[in-house]
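Visitor: Here it is: the structure, laid out below.
The values are calculated or read from the model by the stated rules, or taken from the named source; none is laboratory data. All figures in this text were calculated on a predicted structure; none of them were measured in a lab. Here the Cβ positions follow ideal geometry from the backbone for every residue, glycine too, while neighbour counts run over all protein chains shown. Just so you know, the surface numbers come from the protein's heavy atoms only, side chains and all, with ligands and any DNA or RNA stripped out. Shrake-Rupley method; radii C 1.70, N 1.55, O 1.52, S 1.80 Å.
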Amino acid sequence: MGFQSTASTKELDEASSSQQLSALPPVPMTIIAHRGASGHLPEHTMASKALAYGMGADFIEQDVVMSKDNHLIVHHDLTLDATTNVATQFPNRQRQDGHFYVIDFTLAELKTLSVSERVTTPGKAKYPNRFPINIGEFKLHTLAEELTLIQALNTSHGKQVGIYPEVKSPWFHHQAGKDISLAVLQTLKAFGYTQKSDKVFLQSFDANELMRINSELLPKLKMNIALVQLIAFTDWQETKQRVGGKWQNYSYDWMFSAQGVAQIARYADGIGPWFPMLVDDNWQASALLTEAQRLNMTIHPYTFRIEDTPKRFASFEHWLQYTNKKLGITGVFTDFPARAKSALMH
């Protein structure tokens, strides 16, 4: 889908040429630092967040999971295997599936771990040309610690860089008796993020939980922040829901129709799709994109990485310019906030 298209190559190349793109007026673009400046420093570390701030990101993302003792930890995965030395520090704490889960460790235990670049197998980095693995002294941190940093930087720089937390796998936390959504919202409220004007987006892949947040939790807490429905393909098995007493894989298929997008708009302010979902095989706007734009929804696709630049584009910058000027998309998640910002100034 999208990236794999080879149809009408000559026509597509002409349609997205630099000359034609430069003739189109730019649309203001929001740069969201994906897990911080994760193209330059290990993801979701305080150093990565500070660098993203310095690179001029408009928003900084926080993926949030819960510890055994109910602290909110900024970490992308439910497991610790791919980004920490947990197997060395706690060699006998894995579950039957062989993985080490954040939720099985206390905050004090998590603070003893070292964080490094993401690996696919021990000693092999997922992105070999990024920050070297096992270099430096990086640690896990809480959501409150990161919000404190960002707000302090806003004070010292006289800026208002926003936050973009994601409630990770609410279904998984519910299984363990933990209401992660309520805990995240309570923390946001404590830091003054209560209204849509407060430069915060709250995102999740879990549609049922976003509906609950919209209809139950936000009114209960007297909050009204912007919500974003993240979109996956069903076969990614991103979310589960309880059906007849059993947890089953959630189907996202309904979200790709015009009726589905309209349904999302009833409980969320925007969508966060994987970029290929927004273009058809001819690299024109997909039905998902067209309908979301018609409804004036926020559209923030993920994830713009230099390493993932589609072959049909001459550069990462060209890809971003096409996304902005040709497709009219006004915000992106990127591992490279400075490169993205620079690309959209030309």
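Visitor: Using a 1.4 Å probe on the protein chains only, how many percent of the accessible area of the chain belongs to carbon and sulfur?
Guide: It is 52 percent, rounded to a whole number.
Visitor: Relative contact order (percent) for region 53-205, with alpha-carbon contacts under 8 angstrom and 6 or more residues of separation?
Guide: Relative contact order comes out at 28 percent.
Visitor: Can you check how the C-alpha radius of gyration of region 233-277 compares to 2.2 N^0.38 Å, as a plain ratio?
Guide: It is 1.28.
Visitor: Near Lys246, which lysines are there with a Cα under 27 Å away, not counting those fewer than 8 places off in the same chain?
Guide: Here the lysines satisfying the reach criterion relative to Lys246 are Lys68, Lys168, Lys178.
Visitor: Let me ask another. Grab the DSSP H runs of the chain that are 4 residues or longer, score each as -39,500 (n - 2.57), total them, divide by all residues and round the 222 nm result to the nearest 500 deg cm²/dmol.
Guide: Computed ellipticity for the chain at 222 nm equals -7500 deg cm²/dmol.
Visitor: Report, by chain and number, residues whose modeled amide H sits under 5 Å from the one on Ser169, excluding near sequence neighbours (fewer than 5 apart, same chain).
Guide: Hits under the 5 Å cutoff: Phe205.
Visitor: Return the tail of the calculated pair distribution for the chain, meaning the percent of Cα-Cα pairs more than 37 Å apart.
Guide: Here the long-distance tail beyond 37 Å is 16 percent of all Cα pairs in the chain.
Visitor: Running a GNM on the chain with Cα contacts under 10 Å, which residue among Ala190, Ala268, Ala47 ends up with the highest mean-square fluctuation?
Guide: So, out of Ala190, Ala268, Ala47, the one fluctuating most is Ala190.
Visitor: Shifting gears a bit: Using a Förster radius of 35 Å, what is the FRET efficiency between Lys222 and His157 based on their Cβ-Cβ separation? Nearest 0.05, please.
Guide: 0.70
Visitor: Please work out the average accessible area per residue across the chain, using the 1.4 Å probe convention, and give it in Å².
Guide: Per-residue accessible area for the chain comes out at 43 Å².
Visitor: Ranking request for peptides 144-150, 94-100, 220-226: highest mean number of other beta-carbon atoms within 10 Å first, then the rest in descending order.
Guide: 144-150, 220-226, 94-100
Visitor: Quick check on region 172-310: what does the Kirkwood estimate of hydrodynamic radius come out to from the alpha carbon pairs, in Å?
Guide: 16.2 Å
Visitor: Pairs Lys240/Lys341; Lys196/Lys220; Lys220/Lys341; Lys139/Lys311; Lys199/Lys325; Lys311/Lys341: which are spaced more than 26 Å apart, C-alpha to C-alpha?
Guide: Lys240/Lys341; Lys220/Lys341; Lys139/Lys311
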